[in-house]
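Asker: Structure below; questions to follow.
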Amino acid sequence: MTEKVFNICPRCGEPFRTSALSRLDNKTRICSPCGNWEAMMDYRFLMNTGSIEQINDVLNILGTIKGKQGITNKHEFKYFEKIETILNVKLEKLNKSN
Ligand SMILES: [Zn+2]
């Protein structure tokens, strides 16, 4: 019987033993440094986005990040798209209430 000791993190491609659940879908297992990274990005991009101006600022930053060469990592790209979706929903609600 072979036991799989390592999994490969879909975000960074590194093998890992201890994992975290990806905030992308709450299903995918990623390595714990990448789990920490997603938690930091959630904090950075989803906190302090209570106003239309703040949301637009963050959407601009995300657009720049996604447009940069080097983000060929699908998991990371999808993760940023998820953040954008959340912010666009927030923005729509704010626009309706104004
Ligand atoms: Zn990783």
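Read the figures in this text as sums done on the coordinates, not as results from a lab. These numbers were taken from a predicted model, which means no experiment stands behind them. Because the Cβ atoms are built from the backbone with ideal geometry, glycine has one as well, and the counts that use them run over all protein chains shown.
Asker: Going by C-beta contacts inside 10 Å, put T28, T49 in order with the fewest on the left.
Answerer: Result, fewest neighbours first: T28, T49.
Asker: OK, next. Straight-line reach from K93: which lysines have Cα under 27 Å away, leaving out those fewer than 8 places along the same chain?
Answerer: Partners within reach: K66, K78, K82.
Asker: Now for a different question. Using Cβ contacts closer than 10 Å as the measure, can you line up L94, L24 from fewest to most?
Answerer: Least to most surrounded, the residues fall as L94, L24.
Asker: Then there is this: Explain nothing, just the number: dipole magnitude of the chain about its Cα centre with +1 on each Lys and Arg Cβ and -1 on each Asp and Glu Cβ, in debye rounded to the nearest 20.
Answerer: Computed charge dipole of the chain: roughly 200 debye.
Asker: Determine which residues of the range 6-24 fall in the zone a paramagnetic label at E81 would reach in this model, i.e. backbone nitrogen under 15 Å from the point 7 Å along Cα→Cβ.
Answerer: 24
Asker: Continuing with the same structure: So what's the back-of-envelope 222 nm ellipticity for the chain, counting only DSSP H runs of four-plus at -39500 (n - 2.57) apiece and dividing by all residues, rounded to 500?
Answerer: Calculated mean residue ellipticity at 222 nm is -19000 deg cm²/dmol.
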